[in-house]
Amino acid sequence: MAEVVIVENAEAAGALVAAEIVELIDGRPDAVLGLATGSTPLPVYKALREKLAGRDVSQVRGFALDEYVGLDPAHPESYRSVSYTHLTLPTNREV
């Protein structure tokens, strides 16, 4: 059953979710993550960058939950580009 947790702000929510994802990765180094885009997950991605610093995440895979039909993947508003810009690039990982 889902648990509702009330936190002080977006940064606290991001840290809480990132901690859960790191726990998943620690237990399953080949975890597959569904990556959302938009402004809502940005605090999660920021916290993940900090929490994953120095960790080997080479086996972790991610996929975009959405994408615009017909939009070039290199377009800055494509979900691929957003995920790359906010999560992959800052953690210095290959796409």
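The values are calculated or read from the model by the stated rules, or taken from the named source; none is laboratory data. What you see is a predicted model, and the numbers here were worked out from it, not measured in a lab. Neighbour counts run over all protein chains shown; Cβ positions are idealised from the backbone, glycine included. Just the protein is used for accessible areas: all its heavy atoms, side chains included, with ligands, DNA and RNA removed. Shrake-Rupley method; radii C 1.70, N 1.55, O 1.52, S 1.80 Å.
Restricting attention to region 3-40 and to residues that are open to solvent by 60 Å² or more (accessible area, probe 1.4 Å) and closer than 20 Å to L65 by Cα, the residue that is farthest from the chain's Cα centre (by Cα) turns out to be D30. Within region 28-50, residues that are of a type in the set (D, E) reach partners that are open to solvent by 60 Å² or more (accessible area, probe 1.4 Å) with beta carbons closer than 9 Å, at six or more positions or on different chains, in the pairs D30/Q59; D30/R61. If I filter region 41-59 for residues that are in contact with a strand residue (DSSP E or B) (Cβ under 6 Å, 6 or more places away or on another chain) and either surrounded by 16 or more Cβ atoms within 10 Å (Cβ to Cβ) or not in a loop (DSSP other than H, G, I, E, B) (or both), do I get at least one hit? Within region 41-59, none of the residues are in contact with a strand residue (DSSP E or B) (Cβ under 6 Å, 6 or more places away or on another chain) and either surrounded by 16 or more Cβ atoms within 10 Å (Cβ to Cβ) or not in a loop (DSSP other than H, G, I, E, B) (or both). Look at V7 and say whether it is β-branched (V, I, T) and outside any loop (DSSP other than H, G, I, E, B). Judged against the criteria, V7 is not a match.
Pairs linking a residue in region 1-20 that is aliphatic (A, V, I, L, M) to a residue that is in a helix (DSSP H, G or I) and open to solvent by 60 Å² or more (accessible area, probe 1.4 Å), with Cβ atoms under 6 Å and 6 or more positions apart or on different chains, are A18/K51.
Residues in region 60-93 that are part of a loop (DSSP other than H, G, I, E, B), among the aliphatic types (A, V, I, L, M) and open to solvent by less than 90 Å² (accessible area, probe 1.4 Å): 3 in all. Could you please let me know if S39 is of a type outside the set (A, V, I, L, M) and at pLDDT below 85? Yes; evaluated as a whole, the condition is true for this residue.
Just one of (1) closer than 15 Å to T88 by Cα; (2) in contact with a helix residue (DSSP H, G or I) (Cβ under 6 Å, 6 or more places away or on another chain) fails for A10. It is (1).
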